[in-house]
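Read through the structure below, which is laid out as structure tokens, and then see the notes.
All of the numbers you see were taken from the coordinates with simple rules; none came from a lab. Predicted model, so just to flag it, every value in this text is computed and none were measured. Cβ coordinates were reconstructed from backbone atoms using ideal geometry, including for glycine residues, and neighbour counts include every protein chain displayed.
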């Protein structure tokens, strides 16, 4: 068998492997379990983490209704060491919507095994651009205000820092390897010259 066909097949498999990693990360990001579900009228809740991992903070509420309060930066405190946990803002604005409710990812964090308290305070968790867009919408459209019990902040299992750093490169590396591998296999098995195929 032509060595280039074998090489192309290996690149195809590697490309599919990169994409399977991306889909796994997306599944972890959007479908994993909720660790803490905090209605705004409760303001804080304690929880326990059994193993170190990545977590994400989501804001969740009804569609087309205004929050009863603007969220501040949610705070997570390690009660074993009495230290606040560093939160990293999510700039991708990942969202989930249904016909009646919507949720938006706002922060990532890494938590060690231990005991924690999850708090929320009045203020704003929006970035400058998001805040400007929100203010513009409020000036144009009058939205009814929902009760505090309908809005929640959730802490969910999510990607760790390494997974977050690799997911975007994996998309493009997977695309590159898949295309080169596909063109190489097709070119050498059909005899048709394809631009980008190895050995042609």
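Each of residue 149 and residue 51 was given a label point 7 Å from its Cα along the Cα-to-Cβ line. The distance between the two points is 3.7 nm. Per-residue extension of 0.36 nm, minus the Cα-Cα distance of residue 41 and residue 189, leaves a gain of 46.7 nm for this segment.
Quick one: which of 150-162, 183-195 comes out on top by average Cβ neighbours within 10 Å, and what's the full order, highest first?
Details: 150-162: 19.1, 183-195: 15.2.
Packing proxy ranking, top to bottom: 150-162, 183-195.
Using a Förster distance of 30 angstrom, determine the FRET efficiency expected from the C-beta separation of residue 26 and residue 81, and round it to 0.05.
Rounded to the nearest 0.05, the efficiency is 0.35.
May I ask you to compute the full-extension gain from residue 162 to residue 99, defined as 0.36 nm times their residue separation minus their alpha-carbon distance, rounded to one decimal in nm? Going from the current span to full extension adds 19.3 nm.
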